Amino acid sequence: METAEIARRFLGFFEKNGHTVVPSASLIAEDPTLLLVPAGMVPFKPYFLGERTPPHSTVASVQKCIRTIDIEEVGKTSRHATFFQMLGNFSFGDYFKERAIPLAWELITTPVDQGGFGIDPEKLWVTVYLDDDEAEAIWRDKVGVRPERIQRLGKEENYWDMGVPGPCGPCSEIFYDRGPAYGAEGGPAADEDRYVEIWNLVFMQYERGEGSGKDYPILGELPKRNIDTGMGLERLAAVMQGVDNIYETDIIGRVLHRAADLTGTRYGENEEQDVMLRVVADHVRSAVMLVGDGVKPGNEKAGYVLRRILRRSIRNLRLLSGGDTAFLHELTEVSIDAMKDIYPELLDKAETIHGVIDTEEKNFADTLRAGTTLFGRVAERTRAAGGTVFSGADAFQLHDTYGFPIDLTLEMAAEQGLSVDEKAFRELMQRQKDTAKADAKAKKLGNADISLYGRLLEGAGATDFLGYTDAESESQIKGMVVDGASVPVARAGDKVEIILDRTPFYAESGGQLADTGTLTVDGRGVVDVEDVQKPLPGLFVHRGTVRSGEVVLDDTAHATIDTGRRHAIERSHSATHLLHAALRNSLGPSAGQAGSENRPGHLRFDFTADHALGDDRLTEVEEEVNTVLAGDIPVQSQERGLDEALRMGALAMFGEKYGDRVRVVEMSDYSIELCGGTHVPSTARLGIVKLLGESSIGSGVRRVEAAVGVDAFRRLSRESALVGRLSEQLKAPREELPERIDSMLSRLRAAEKEIEKLRASQVLQAAGPLAEGARRHGDTLVVASPAPEGASGDDLRKLVMDVRGRLGEDGPVVVAMTAVPKDRPVVVIAVNKAAQKAGIKAGELVGVAARALGGGGGGRPDIAQGGGSDPGKVDEALRAVEERVARG
Ligand code: SER
């Protein structure tokens, strides 16, 4: 069963059992105690702790996760990955063990043709926490698991927490027995490699405090008893696909095999190489997903995680290929292609992802070059002084300044007959780590900015928001930040963040973009406000630039928002509510809001749906929105208790954090939503809403975009003018345009085919002269030449085969030719039987050519193909092949 299908079945099963399916949150954790999301439950932490009221009490998700704590284990075991996806079902105070356990068992043991995963119960074992008699009884009496298949394990294995203060609880895990070939009998307690954990059911009921490892105090019970389950999608895929490890599953396996092809290695021949290939396959995918979520390589936090992963991939690829060819571009492409079914948004982001990864690969190549020069100098100095040991300080400098991994230094030193003082190196590393730790502690775990905002909030109190009614206010400057530090004055040109006691500026939230405008201190200075954010609840931070003069703490500023922009944003926001209601009317209540953005003249609305809407549905929704808005319904906002609002049927956005008092925005009874945003007074203000189309942005999430008001009118008017022009150009009435274009396209395609045929035959005519021009090296006839201009990859292969055929089998023949279709050089090499007998292999020769072209390739011994990135190097590549043949 394909990985994507496993995910679909999982969500479908829990949806059928009353859960709301929610999309994966970004890999970048919103939680300030974490850098990246390491588990499926992270986005729901506030619901477990009772800090927020969840809009749904049971949900299911497939969450993207990153864990690098076991990075050294990746590739060595069958199951460690830096990126993985966690299937999870969650209950926030709804059901507990008595339902979570049977649900899990039902899904994994129900036969495949009845919608389950069809795993043989005889292959399953379960564990429960030491004193959890209740869970054991459910497994034994309710589910029917044989008592000898239930084991009790301690805190290390069967107690789960996030590694930081927060929710925690005992858990029960389900294991799959891979069979006697993988280790000793005796269940999960005996052997972790033979019995792989596939599903962890956490009974989240306590809150833990600070501590290290499993040594922490339990602060008390959580307000409710909850369920958090996590099943590694890749591990389950390995089981369901009958492969040995997660790296060989359908998705990761593709990168692994491509990496083997490119580096000229073979997976399964040599364990050391296999580990490297698995590392590459895992890491490339992690890098793609991290960059996809907006992480950029850097020297700290998430940026460092990404950099480390990329550098490890490059290093392993170099070790595998024995050269310094750049392979990441191609592997990135394979990885995006393999993941696009589950995350279609990767296709939109492909260009950015390639850009970031290509640049990092190039920078690291420069780093390695610079480091190699330093290495050479130190090695020479050491030898000149009669020594044989490369000092720990030099190895440390290489590591620290040039990012040289120590194993690279060790290897290069060994090649020069030197050893490295590794002990001294490790001591220096430790010293650096200790200093960094102390620094981080001083900076409160690197959360300097959040703590700064915390202090500002404490000092100034929560900002009073006046923007529901006012566009201007007299406000006092209560705090200012320039370059990450609190300052008493900001001067012309400074980028500044300003805290006011009260403000008419709306801070970006709930999809509504922030207001822009000005803060004017009479006789002193003016600040242009470009953005407003709330880094902490209640704290409005006005970000902008001091346009002139200066502003000083405690000054009274005249705050004015750009009302034209605000009104345009409000039109989009109100239109979003109408669109949400119309979509639900059309698709049913499962069309839940998954995100939105309201900007001037334009809206974006994401919602859950498992298939495309189709043009007819879209037109119907658009018509409903426009009909309703023309009815000029008043838009009313009112504060109410959360319970009352939910009773009224107000729609809540999942993942939003609601307090006990909420704002409810009503458009009669057509649309009722919890919403903190600002809106038009009545719907006719929207003028017109034009849907611009619909697309998929992730598993089960669709996106609709729309133009609103004058922007919608302008778009329609532009389109009408465009159709008018087409009608003139094609000399056809408007309604006949589609047919006219169809017929033109088919004629064009026929003509192109004809041209293509002619061109190919012209290219092939070159075969005779090329064969005649063959050069002799010893017994071997060699043709090494670029193909005629304009040859495609396909032409190239045909031409090479034709030339080889013309040169016969009297002696060894090698034909190597290049072409540059689409600006990327391609080389094809064919050798005849006599050449193969003489030990000449096309695959090897392609390796020689591709290296010169800055790429890779491979193929069969008789014909092989490769490519690269530098079209300027084709002559050099052909020369290299000819020289290799000449050398014999
Ligand atoms: N939080 C648990 C885990 O990550 C179950 O989801 O294993």
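Using the Karplus relation 6.51 cos²θ - 1.76 cosθ + 1.60 with θ = phi - 60°, the per-residue 3J(HN,Hα) values for the stretch 836-851 come to 4, 4, 7, x, 8, 10, 4, x, 5, 5, 4, x, 4, 5, 5, 4 Hz, with x marking Gly and Pro. Fully extending the segment from Ala393 to Arg740 would add 117.4 nm, taking 0.36 nm per residue of separation and subtracting the current Cα-Cα distance. In the chain, what percent of the accessible surface is made up of carbon and sulfur (1.4 Å probe, ligands and nucleic acids excluded)? Using a 1.4 Å probe with all protein chains present, the chain comes out at 49 percent carbon and sulfur. Across all Cα atoms of the stretch 74-169, the radius of gyration (one decimal) and Dmax (whole number) stand at 15.3, 43 Å. Computed over neighbours whose Cβ is under 12 Å from that of Leu500, the net charge equals -4, Lys and Arg +1, Asp and Glu -1.
Between the Cα long axis of helix 406-415 and the first principal axis of the chain there is an angle of about 10°, rounded to the nearest 10. Rg over Rh for the stretch 67-109 works out to 1.16, both radii taken from alpha-carbon positions and Rh defined as the Kirkwood radius. With the simple model of a label 7 Å out from the Cα in the direction of the Cβ, Ala721 to Ala684 spans 2.9 nm.
For Met801, the accessible area of its heavy atoms, probed at 1.4 Å with every protein chain present, is near 90 square angstrom. The largest-to-smallest principal axis extents of the Cα set in the stretch 374-414 are 27, 17, 15 Å. Relative intensity of the stretch 744-833 on a log10 scale, I(q)/I(0) at q = 0.16, 0.24 Å⁻¹, equals -0.63, -1.13, per a Debye sum over C-alpha point scatterers of equal strength in the absence of solvent.
A 1.4 Å probe, protein heavy atoms only, puts the accessible area of His19 near 10 Å².
Between the helical axis of 710-730 and the longest alpha-carbon principal axis of the chain there is an angle of about 40 degrees. In sequence order, the stretch 819-834 has phi-based couplings of 8, 10, x, 6, 6, 10, x, 10, 10, 10, 10, 10, 10, 8, 5, 4 Hz under the Karplus curve 6.51 cos²θ - 1.76 cosθ + 1.60, θ = phi - 60°, and Gly or Pro positions carry x. Excluding Asp193 itself, what net charge comes from residues whose Cβ is under 14 Å from its Cβ, given Lys and Arg +1 and Asp and Glu -1? Computed value for this residue: -2. Entry note, the stretch 625-764: relative contact order of 17 percent, from Cα contacts under 8 Å with a spacing of 6+ residues. For the stretch 29-107, a crude dipole built from +1 on the beta carbon of Lys and Arg and -1 on the beta carbon of Asp and Glu, taken about the Cα centre, is about 100 debye to the nearest 20. Per-residue 3J(HN,Hα) values for the stretch 520-525, derived from phi via the Karplus relation 6.51 cos²θ - 1.76 cosθ + 1.60 with θ = phi - 60°, read 10, 9, 3, x, 10, x Hz in sequence order (x marks Gly and Pro). The chymotrypsin sites (Phe, Trp or Tyr not before Pro) of the stretch 515-607 include none that meets both conditions, a loop assignment by DSSP and at most 14 other Cβ atoms within 10 Å of the site Cβ. Using alpha-carbon positions, what is the distance between the centroids of the stretch 667-722 and the stretch 210-264, in Å? Here the answer is 40 Å between Cα centres.
Divide the volume of the convex hull around the Cα atoms of the stretch 1-134 by the residue count and you get 157 Å³ per residue. Seen against the Cα atoms of the chain and their longest principal axis, helix 250-263 is set at about 40 degrees. FRET efficiency for the pair Gln533 and Glu72, taken as 1/(1 + (r/R0)^6) with r the Cβ-Cβ distance and R0 = 41 Å, rounds to 0.60.
Among Ser172, Gly154, Ile119, whose Cα projects farthest towards the positive end of the dipole of the stretch 119-221, with charges put on the beta-carbon of Lys, Arg (+1) and Asp, Glu (-1)? Result: Ile119.
Sorted largest first by accessible area at a 1.4 angstrom probe radius, with every protein chain in place, the residues Arg759, Arg775 fall in the order Arg775, Arg759. Two decimals is fine: what is log10 I(q)/I(0) at q = 0.20, 0.25, 0.27, 0.30 Å⁻¹ for the stretch 567-612, from a Debye sum with one equal scatterer on every Cα and no solvent? For the stretch 567-612 at q = 0.20, 0.25, 0.27, 0.30 Å⁻¹, log10 I(q)/I(0) is -0.61, -0.85, -0.93, -1.05. Annotation: per residue accessible area for the chain equals 46 Å², rounded to a whole number [probe 1.4 Å, protein chains only]. Segment Gln638..Lys757, full-extension length gain: 35.8 nm, with 0.36 nm per residue of separation and the alpha-carbon distance subtracted. Close amide H contacts of Thr20 (hydrogens built in the peptide plane, cut-off under 5 Å, sequence separation of 5 or more or a different chain): Thr58, Val59, Ala60. Going by accessible surface with a 1.4 Å probe and the largest first, Glu728, Glu271, Glu360, Glu458 read Glu458, Glu728, Glu271, Glu360. With the largest listed first and rounded to whole Å, the semi-axes of the equivalent ellipsoid of the chain from the Cα gyration tensor are 51, 39, 33. Amide H contacts under 5 Å for Trp199: Ile174, restricted to partners 5 or more places along the chain or on a different chain, H placed in the peptide plane at 1.01 Å from N. Given a Förster radius of 25 Å and the C-beta distance between Asp434 and Ala485 as r, what FRET efficiency does 1/(1 + (r/R0)^6) yield to the nearest 0.05? Once the sixth-power term is evaluated, E becomes 0.40.
Computed about its Cα centre, the charge dipole of the chain is approximately 1960 debye, with only Lys, Arg, Asp and Glu carrying charge at their Cβ.
Note on exposure: Ser61, Ser727 ranked by accessible area (1.4 Å probe, complete protein assembly) read Ser727, Ser61, with the most exposed listed first. As a quick test, which of the pairs Lys433/Lys534; Lys495/Lys690; Lys757/Lys822; Lys301/Lys495; Lys97/Lys214 have an alpha carbon distance above 27 angstrom in this structure? Where the Cα-Cα span goes over 27 Å, the pairs concerned are Lys433/Lys534; Lys495/Lys690. Applying 1/(1 + (r/R0)^6) with R0 = 41 Å to the Cβ-Cβ distance of Thr367 and Glu30 gives a FRET efficiency near 0.80. Relative contact order of the chain: 7 percent, from C-alpha pairs under 8 Å at least 6 residues apart in sequence. At full extension, Ile218 and Arg266 could sit 12.2 nm farther apart than now, given 0.36 nm per residue minus the alpha carbon distance.
The values are calculated or read from the model by the stated rules, or taken from the named source; none is laboratory data. It should be emphasised that the depicted structure is a prediction, and the values quoted were computed from it without experimental measurement. Note: ideal-geometry Cβ built from the backbone for every residue, glycine included; neighbour counts use all protein chains shown. The area values use the complete protein model at the heavy-atom level, side chains included, leaving out ligands, DNA and RNA. Shrake-Rupley method; radii C 1.70, N 1.55, O 1.52, S 1.80 Å.
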